[in-house]
1. Equivalent ellipsoid semi-axes for segment 147-268, as square roots of 5 times the alpha carbon gyration tensor eigenvalues: give them largest first, rounded to whole Å.
2. Looking at this model, which pairs from 70/177; 177/232; 136/177; 124/170; 70/266; 270/431 are more than 30 angstrom apart at the alpha-carbon?
3. Once amide H atoms are built 1.01 Å from N in the peptide plane, which residues 5 or more positions from residue 234, or in another chain, come under 5 Å H to H?
4. Can you tell me the FRET efficiency between residue 182 and residue 447 if r is taken as the Cβ-Cβ distance and R0 is 60 Å, rounded to the nearest 0.05?
5. Restrict the search to segment 100-185; then list the GluC sites (Glu not before Pro) that DSSP places in a loop and that have at most 14 other Cβ atoms within 10 Å of their Cβ.
6. What list of ³J(HN,Hα) values in whole Hz, one per residue of segment 132-142 in order, does the Karplus curve 6.51 cos²θ - 1.76 cosθ + 1.60 (θ = phi - 60°) give from phi, with Gly and Pro shown as x?
7. Using Stokes-Einstein with the Kirkwood hydrodynamic radius over Cα pairs, what translational diffusion coefficient do you get for segment 133-206 at 4 °C and a viscosity of 1.567 mPa s, in µm²/s rounded to a whole number?
8. Tell me, in nm to one decimal, what length is gained between residue 396 and residue 425 on full extension, where the rule is 0.36 nm per residue of separation less the Cα-Cα distance?
Amino acid sequence: MMLTGFIFLLFLTDGVFPEKECSYQDVLDHLQLNRSNELYSMTRPVKNYKRPTLVSLEVLLYAILDVVEKDQKFIPYVWTVMRWHNEYISWDPNQFCGIDNVSLPAEVLWVPDIIIEEMTEKDKAPPSPYLTINNKGDVEVHNDQVLVSTCRMHIYRFPFDIQNCNLSFKSIIHTAKDIRLQPSDNSTEATEWSRDVMRTQYEWLFLNMIVTINNASDLISQDIIIYTITMKRRSILYIINFLVPVLFFLCLDLASFLISDNGGEKLSFKVTVLLAVTVLQLILNEILPASSNRIPLIALYCIGIFALMLLSLLETILVTHLMEKDSQASKENQADKCQRKDCNKRGNPNFHNSHQEGNEWTQCACIYDVSTCETPSELLPVTKEGNSRKVMEEYHALEKLSDELREMQKTLSLLLSNAKEKPGYWTRVAKKVNTFFFIFYLTVVSLFLIILFLKWNNG
């Protein structure tokens, strides 16, 4: 007895007491919380069924994994936290060495049946196997989810678009009489915390997250918490890989007006450029969804440029046709000239090559060129002396007529040379059409691009 008192005095003097050992199982035993106890897992944890269970929800956006415009799918990676109160759970931490929270398997307790309306595929990531309870009866579940959800894409301003995708949380079967939902943070807090934890955003820029609560108007309806994620597309790659190449093709089409219309090079060049734009349109068709209510501006951009280039191609065909008519007329004139040359040769056997170009007439009539080595007196038959005076008068008259004919020959030669240098009628018409169309084409292209880019900018 004295030894026991001595030991007690020794512990009292040194201030050392044996510590009480506690475990989480002691808390669970105190609560009679185990897998076989249906009180905790079978029904909603309220002692009065008329009292609804308040479920607090917190959602953070961890990553934007993908946005599929064609299928209108939004694939984010989110963190969700659900909290609610279990009226059957409570203990005094002082009785259990200060233990105020315990982690236990999720299947042991009742969990609210909260789903996401927009989810189209089952979450492939396994749910969290554990949940946490505290001494006041609050239960907390953390989950990481890869959501494949549907999102209505508004692609009118693609690729300068801003998308709003909703994640709507609600109970599957419980109405407002059983479960009331409330967000644990407001829009500002959700946005800031999501930016802090954001790891990847794919081709998007996260702008904000707006939290909206739709409270049930009656007890048979359901509360819904909507998280609206707003994001803006990073458009630089689409500008470089799509918009600029189409604009380059348009510039090439404008530059093709400098190519000569005589050959077929201009026509084949324009057809090649038009086919290149068609290939880009096929690529665009693979990106944009077919269920859009409005025609996207980028589709108008491609269709408009395609139509302008097609109009330019038709104009080139028209100009080529007009110039071909002149070419055909030139060939016919050349054939007529050859026939006239044959006529001249047949009409004048002493026809000199040096005078061939100057002696072409519109009819097969040939002028006899008097040779300088032969005088009219030699050509005339021998006459009597009495007729010599008459012969000389005729000689002077013929000489005068010959001079007049030479002057007419020179005049006709000059007119024919000017006619050769001057282009044909249809060629002149084609050049005027080409000039007018180029001015019209440049004006329409400028107005079209200015209006389209203003609409892109203003939305």
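A short reminder: the numbers here are calculations on the coordinates, not readings from a lab. On a predicted model such as this, the values are computed, not experimentally measured, just so you know. Because the Cβ atoms are built from the backbone with ideal geometry, glycine has one as well, and the counts that use them run over all protein chains shown.
1. Three semi-axes, in Å: 52, 17, 10.
2. On the way: 70/177 40 Å; 177/232 39 Å; 136/177 23 Å; 124/170 20 Å; 70/266 38 Å; 270/431 18 Å.
As for pairs spanning more than 30 Å Cα to Cα, those are 70/177; 177/232; 70/266.
3. So residue 234 has HN proximity to 204, 205.
4. Working from the Cβ atoms, E equals 0.65.
5. On the way: sites: 107, 117, 118, 121, 140; in loops: 117, 118.
When the GluC sites (Glu not before Pro) of segment 100-185 are filtered for loop state and at most 14 Cβ neighbours within 10 Å, 117 remain.
6. Calculated HN-Hα couplings, in order: 10, 10, 10, 5, 8, x, 7, 10, 9, 10, 10 Hz.
7. Values: Rh = 16.3 Å.
Once the numbers are plugged in, D ends up at 79 µm²/s.
8. Gain on stretching residue 396 to residue 425: 6.0 nm.
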